[in-house]
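Here the structure comes first, spelled out in structure tokens, and everything after it is commentary.
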There are 2 protein chains.
Amino acid sequence: MSDTTLGSCPIPFSRYGHITLGHGSGGELMADLISGLFVPAFANETLAALEDQASLAWNGSRLAFTTDSYVVRPLFFPGGDIGSLAVNGTINDLSVGGATPIALSAAFILEEGLEIALLERIVRSMARACSDAGVELVTGDTKVVERGKGDQVFINTSGIGRIAPGSVLSIASAQPGDRILVSGTLGDHGIAILSVREGLAFETTIKSDSAPLHTLTRAMLDTCPQIRCMRDLTRGGLSSALHELAAASDVGVRLFERDIPLKTEVRAASEMLGLDPVYIANEGKLMAIVPEAHSKRVIGVMRSHPLGADAADIGEIAKDQRRRVVMQSSVGGERVVTRISGEPLPRIC
Amino acid sequence: MSDTTLGSCPIPFSRYGHITLGHGSGGELMADLISGLFVPAFANETLAALEDQASLAWNGSRLAFTTDSYVVRPLFFPGGDIGSLAVNGTINDLSVGGATPIALSAAFILEEGLEIALLERIVRSMARACSDAGVELVTGDTKVVERGKGDQVFINTSGIGRIAPGSVLSIASAQPGDRILVSGTLGDHGIAILSVREGLAFETTIKSDSAPLHTLTRAMLDTCPQIRCMRDLTRGGLSSALHELAAASDVGVRLFERDIPLKTEVRAASEMLGLDPVYIANEGKLMAIVPEAHSKRVIGVMRSHPLGADAADIGEIAKDQRRRVVMQSSVGGERVVTRISGEPLPRIC
């Protein structure tokens, strides 16, 4: 594998001459690709902020703009499908930026030979998700590729939303002493997908948590404009979100294992598969970084919302752990939560 | 092939039980999919308007929002590559709606094993196209699929733009007597791509016309706010754009063959391949529907712009041809320009 350089600067992803599944993992390899290739190439502050959504000045207001492609397999899984996931996921990227979602686009890359009845099920599911969330899908595109050059259906949804005046969420704003809140149990989506993957199928009643979080985030921000930032916990799970936060805010993170909400079945399946739930993707959960003085009030608001019923305070921005994420175990010891590099769960979303 | 119904309404695409390459053609099959599935499922006026971009009210202004996925092969072709095409194409969808492009998103679906050096070339080309057009790429996404489940690189770009106050372009607004203008020679992009396709390679110096049209459209609209509508002439070429117009405006169209600008080599290659240039995709050409009283002025403005140097008046909205597109040949006879159904040129963009 030869070295790749961007301009005169050797870049971290030069360790690999080719794209691996790990480059789509939400972990270190993807971060290398973003910081080594995309950010320098497109060179602008909005992109370089590495938020889940771009925030743009617009006629005296602020607008959020985001994009995500969905390549999840299988297309249908317990608790959802690629269609509703594509709607909810993009709504969530807007929501955690403090934006009210206004409109979505949908672009389909279809593989020749796809059953139209199956496409229809997916489109109906997207339409239902839009209608449930009160968001309109206003523009679209369809491309078809030859058999064997795609995988049934890939969907891109992009979205725009309105950012409330005064909202200044930023992953660079965490302060020592802040509390780390999550909106509910971790790992449900990833375990639900794995339970129906070929070669892995195991019995569980776990469903994906795929859900639109915009009313939850709205309630949280209305109650507490002091929230520092929010992130939905998709690829790479809680761990990736915290590592991005730690780097952007130049802080450390301490988690308390006993406080992390987990469904019994997710705990059991994770142990069976040798996975740590902090790395597993969620599609209807967020973390919020909140000044300690406000954290109890925010938890209260979260718990009074159906999508935040299991919200919990799981840790703190630590004074003593520069840019590291550590986990205090239930019995008291402390271990470092490393950032995933490769890809434990390809095509989880 | 079984019938597919949407709700209680039998839909035209039920003729096919499976997706074919033709469903991505910009022709009749794609129109069936859009009008039979997407529009009824998502049921909103903005989508149903079938413009190249959605137009949304925003804080007292209007915003344009559009999306396109690019699956062109080969990735590099005379006059461009998938990266610059993805930037220019989305800029053009905004521009023909009368919008000034403000920001783009980019979402990559990469196939495992893709050379990173190749991705880097594509990304650099995108960055150059953005910089040339003065548009920022502000948010992105990367997914990786297993080897054999994609085809090197697919790129989605979505875009937002600002619509000038008072601008009310609509494909439903054409009136009998209006003139049909095109901004230059037709078919260059499609012929350039075909000239380097495996199994088809032939010698030509034709280059893709891939280019951003936003300064051309701005100049045209500044001169003539009375322009009824504009369309870029991508998949399905001039023919598809005119058929969409004819249906939306409930009018007929008469073209004059001798007035359609064609490069000699495109004419020769089209004859050799048995293709009619009116069906071939362009990536830097537009048509404009203009009231006759203003058409000479608009042509003048187009010709004084580098991307409109070969602009021409090629036909009229006809009183006598309800929803049909007819072509008057150089020797005087008239033939119907049918809408393409299947796919003469798969993966042209």
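Values as computed for the structure displayed
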| item | result |
| --- | --- |
| Residue A:210 long-range amide H proximity, modeled H, under 5 Å | A:283 |
| Cα extents of chain A along the three principal axes, largest first (Å) | 56, 49, 49 |
| Rg and Dmax [Cα atoms of the range A:50-132; Å; Rg one decimal, Dmax integer] | 14.6, 48 |
| Charge tally in the Cβ shell below 12 Å around residue B:56, where Lys, Arg are +1 and Asp, Glu are -1, residue B:56 excluded | 0 |
| Ascending list, in nanometres, of distances separating the residue A:218 label from those of the other copies (7 Å, Cα toward Cβ) | 3.6 |
| Relative contact order of the range B:93-191, pairs being alpha-carbon contacts under 8 Å that are 6 or more residues apart, as % | 44 |
| Per-residue HN-Hα couplings for the range A:176-192 [Karplus 6.51, -1.76, 1.60; θ = phi - 60°; Hz; x = Gly/Pro] | x, x, 4, 9, 10, 10, 10, 8, x, 5, 9, x, 4, 4, x, 5, 4 |
| Spacing of the two label points (7 Å from each Cα toward its C-beta) at residue B:320 and residue A:223, in nm | 7.3 |
| Alpha carbon convex hull of the range B:49-96, volume per residue in cubic angstrom | 85 |
| Sites residue A:61 and residue B:264, calculated FRET efficiency, Cβ-Cβ separation with R0 41 Å, nearest 0.05 | 0.20 |
| Around residue B:126: net Lys/Arg minus Asp/Glu count, Cβ-Cβ under 15 Å | -4 |
| List B:18, B:214, ordered by accessible area with a 1.4 Å probe, largest first | B:18, B:214 |
| Value of [θ]222 nm, deg cm²/dmol, for chain B, DSSP H segments ≥ 4, -39500 (n - 2.57) each, nearest 500 | -8000 deg cm²/dmol |
| Residue B:75 accessible area, 1.4 Å probe, all protein chains in place, Å² to nearest 10 | 10 |
| Using a 7 Å Cα-to-Cβ projection, residue A:296 label spacings across copies, nm, ascending | 8.1 |
| Equivalent ellipsoid dimensions for the range B:155-210 as semi-axes, Å, which come from the Cα gyration tensor, largest first | 34, 19, 10 |
| For residue B:35, solvent-accessible area (1.4 Å; no DNA, RNA or ligand), Å² | 70 |
| Two-decimal log10 I(q)/I(0) for the range A:39-177, as the Debye equation yields it once each C-alpha is a single scatterer, q = 0.09, 0.12 Å⁻¹ | -0.32, -0.55 |
| Sequence of A:70, A:279 from largest to smallest accessible area, 1.4 Å probe | A:279, A:70 |
| Carbon + sulfur, % of accessible area of the range B:49-102 - ligands and nucleic acids excluded, 1.4 Å | 54 |
| Protein-only accessible surface order, largest first, of B:244, A:115, B:271 at 1.4 Å | B:271, A:115, B:244 |
| The range A:190-315 pair-distance distribution - Cα-Cα, 10 Å bins, rounded % | 12, 42, 34, 11, 1 |
| The range A:167-247: C-alpha gyration tensor shape, a/c 1.5 cut-off, then a/b vs b/c | prolate |
| Isotropic mean projected area of the C-alpha convex hull, the protein assembly as shown (nm²) | 30.7 |
| For residue A:103, distant residues with modelled amide H under 5 Å away | A:160 |
| Virtual paramagnetic centre 7 Å along Cα→Cβ of residue B:39, amide N under 19 Å, in the range B:328-349 | B:339-342 |
| All-pairs alpha carbon distance profile, the range A:249-349, 5 Å steps from 0, percent | 2, 10, 17, 23, 22, 17, 8, 1 |
| FRET efficiency for residue A:296 and residue B:147, using Cβ-Cβ distance with R0 set to 51 Å, rounded to 0.05 | 0.55 |
| Per DSSP, loop trypsin sites (Lys or Arg not before Pro) in the range A:88-152 with at most 13 further Cβ within 10 Å | A:147 |
| Over chain A, relative contact order from alpha-carbon pairs under 8 Å, at least 6 apart, % | 23 |
| Teacher prompt: residue A:170 distances to equivalent labels in other copies, 7 Å Cα→Cβ, nm | 4.4 |
| Cα-based Rg / Dmax (Å) for the range B:210-268 | 13.8, 38 |
| Residue-averaged beta-carbon neighbours from other chains (10 angstrom radius) around B:119-129 | 4 |
| Protein heavy-atom accessible area occluded, A/B pair - total, 1.4 Å probe, Å² | 7200 |
| Rel. contact order, % - alpha carbon contacts under 8 angstrom, at least six apart, the range A:256-349 | 36 |
| For residue A:263, solvent-accessible area (1.4 Å; no DNA, RNA or ligand), Å² | 80 |
| Beta bridges per DSSP with both ends in the range A:252-349, % antiparallel, nearest 5 | 65 |
| Shielding by partners - mean other protein chain Cβ count within 10 Å, residues of B:56-64 | 4 |
| Pairs of alpha carbons in the range B:263-322 whose separation is greater than 15 Å (percent) | 63 |
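The values are calculated or read from the model by the stated rules, or taken from the named source; none is laboratory data. What you see is a predicted model; the values in this text were computed from it and never measured. A quick note on method: Cβ atoms are made from the backbone with ideal geometry, for glycine too, and the neighbour counts reach across all protein chains shown. All accessible areas refer to the heavy atoms of the entire protein, side chains included, with ligands and DNA or RNA removed. Shrake-Rupley method; radii C 1.70, N 1.55, O 1.52, S 1.80 Å.
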